[in-house]
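Here the structure comes first, spelled out in structure tokens, and everything after it is commentary.
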Amino acid sequence: MTNREFAGDFALLKVLLYPVAGEKEGESVDIRELVNEINLYESITHTSLTAELVISDVGANIISNYPLLGQEKVVITLGTKTKNYKLTYYIYKIGSRIVSERNQAYVIELVSFEALRNETVKVSERIEGEKAERVLNKYITDKIKTEKKFLFDPTLYNVNLVIPNWRIFDFAIWIGRRSVPDGKYQNSVGYLFYETFEGYNFRSIDALINQEPINKNNPYTYAQANVTNNPDTDLYRIYSFRSPSVVDVFKNSRMGLFCHTEILFDFNYRKVYTRKRSIEDFYSNTSHLGNTKPYSTNTDLKLHDNPSRIVFRPLLTQIWESQKNLDLSERDKFNSMFSKSVFRYHLLDFNELIISVPGNMDIRAGNVLTVSIPSPELTTSNKRVEDKRLSGKYLIHSIKHTLSRRVVLNTQIKLTRDSFGGSS
């Protein structure tokens, strides 16, 4: 039995601001009454959590009176009657300020502490014979100084490289594109580094795709009207949906998604190697969420066989420890695997679906969801027919939670997959 009166029933309990200057320096000030709207963001392509406070400041003028300089801590507490969520951010920007007599409106931009800390911490050192996840965990704990969880999928190879004065999060993204998962996904490549409310994640794309949907028994379903009035079942209702881009062959061709020519430069031996890379070389060795390939090999265009772009890249050697003493043909396995990551990342958001659903703070970027979208086609039996192109399993690319003064939490979810069709 639920204690919610309706799906998305949330309350904003506190918005505590901790000024870093002025008379109230170090004290907590509750600015909840000034907050007109809160937006909370998660994404598998963002290394840190972000948020926005839309402020309607009538007479208080906290920007000048506290004053607000940036770097202030903000603690947001919201929840239902049974569960609260406490989120900590720091101010990094104040913008869109409009002043009219005693009334003013502006947006306070927030980010997690670690994102600001990352700007001041850089790494210049050699890594020899360590797994990428161990290096990242050490950097995030010891240099970024976070106590948040670090969730990861084990990588296959130890790495051997020099980090040239990079930010830690930049290194995480770079090494993620070159990491091969251990275990049953060794023929694939590609990791994502991102933050959710659960902590930091260094996750294999294939492992994410192969997760069980978190709503396996309750697909998010589009319905035009609320007829049940049951907060638990209505939680899985889709208010609205849209597909920003269904097919764009020009864009994908110019990115070299279907086929491209790769020119490798071996600076050690002053040699150049040229080869053709096709999506056909990659697609069958990786995991997918849908049944239908996003390309065809049966047309006269032969997009999978005719290079549409030239990619220049240095020949990468001695990145994986187990490869460093091998000859070129054997070491080339690393470069072949990295070539796969070009296709993997381009395809990650090939098929997009954006859905608006009742507020749910327990879903995460990187989860897999199932959705059911009705087909617009007419049937003689008047039965609901599912749109096979839109329905099925998706990876959650990003999430936007919006809490307004009406005490209703709405969640907008961007879903992606690298294929078409129903669930696998």
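The values are calculated or read from the model by the stated rules, or taken from the named source; none is laboratory data. None of these values were measured; they are calculated from a predicted model. No Cβ is skipped: glycine too gets one built from the backbone with ideal geometry, and neighbour counts run over all protein chains shown.
Odds and ends about this structure:
- In the condition set (1) over 30 Å from Asp170 (Cβ atoms); (2) under 23 Å from the mean Cα position of the chain (by Cα), Phe10 is compliant with all but (2).
- Checked against the criterion of being farther than 30 Å from Ser287 by Cα and buried (at least 16 other Cβ atoms within 10 Å of the Cβ), the range 144-155 contains one or more residues that satisfy it.
- Some residue of the range 380-396 being exposed (fewer than 15 other Cβ atoms within 10 Å of the Cβ) and either touching a residue at least 12 places away in the same chain (Cβ under 8 Å) or assigned by TED's automatic domain parsing to the domain that holds Pro294 (or both): no
- Unique residue being within 26 Å of the chain's Cα centre (by Cα), buried (at least 19 other Cβ atoms within 10 Å of the Cβ) and not hydroxyl-bearing (Ser, Thr, Tyr) when the list is Leu68, Leu53: Leu53
- Elements of type strands (runs of 3 or more DSSP E) in the range 68-157, at least 3 residues being within 23 Å of His46 (Cβ to Cβ) and not assigned by TED's automatic domain parsing to the domain that holds Arg203: 73-79, 84-100, 103-111
- When Leu415, Leu409, Leu369, Leu378 are checked against the criterion of being closer than 18 Å to His46 by Cα and of a type outside the set (S, T, N, Q), Leu415 stands alone in meeting it.
- Matching residues, the range 158-194, being closer than 15 Å to Glu130 by Cα and either among the basic types (Lys, Arg) or part of a strand (DSSP E or B) (or both): Asn158, Val159, Asn160, Leu161, Val162, Ile163, Arg178, Pro181
- Where strands (runs of 3 or more DSSP E) fall wholly inside the range 333-424, the ranges with 3 or more residues that are within 17 Å of the chain's Cα centre (by Cα) and more than 24 Å from Ala11 (Cβ to Cβ) are 351-358, 392-404, 409-417.
- Selection from the range 8-45 of residues that are assigned to a strand (DSSP E or B), over 19 Å from Ser398 (Cα atoms) and of a type in the set (Val, Ile, Thr): Val15, Val29, Val35
- Reported count of residues in the range 82-129, each being without any contact (Cβ under 8 Å) to a residue 24 or more places away in the chain and surrounded by 14 or more Cβ atoms within 10 Å (Cβ to Cβ), is 1.
- All positions within the range 180-217 that are under 30 Å from Lys86 (Cβ atoms) and either of a type in the set (D, E, K, R) or free of Cβ contacts under 8 Å to residues at least 12 places away in the same chain (or both): Glu195, Glu198, Arg203, Glu212, Lys216, Asn217
- Test: residue in the range 362-377 that is on the phi > 0 side of the Ramachandran plot and at pLDDT 90 or above: yes
- All of (1) at pLDDT below 95; (2) farther than 29 Å from Glu101 by Cα; (3) in a loop (DSSP other than H, G, I, E, B) hold for Ser48 with one exception: (1).
- Looking only at the range 302-316, and only at residues there that are out of contact with any helix residue (DSSP H, G or I) (no Cβ under 9 Å at 6 or more places or on another chain) and modelled with pLDDT under 90, the one that is nearest to Glu352 (Cα to Cα): Phe312
- Among the residues of the range 230-267, just one is loosely packed, with under 11 Cβ neighbours inside 10 Å and polar (S, T, N, Q), namely Ser245.
- Filter result (in contact (Cβ under 8 Å) with a residue 24 or more places away in the chain, closer than 22 Å to Asn103 by Cα and surrounded by fewer than 17 Cβ atoms within 10 Å (Cβ to Cβ)) within the range 24-38: Val29, Asn36, Glu37
- Test: Ser100 is in contact with a strand residue (DSSP E or B) (Cβ under 8 Å, 6 or more places away or on another chain) and polar (S, T, N, Q): no
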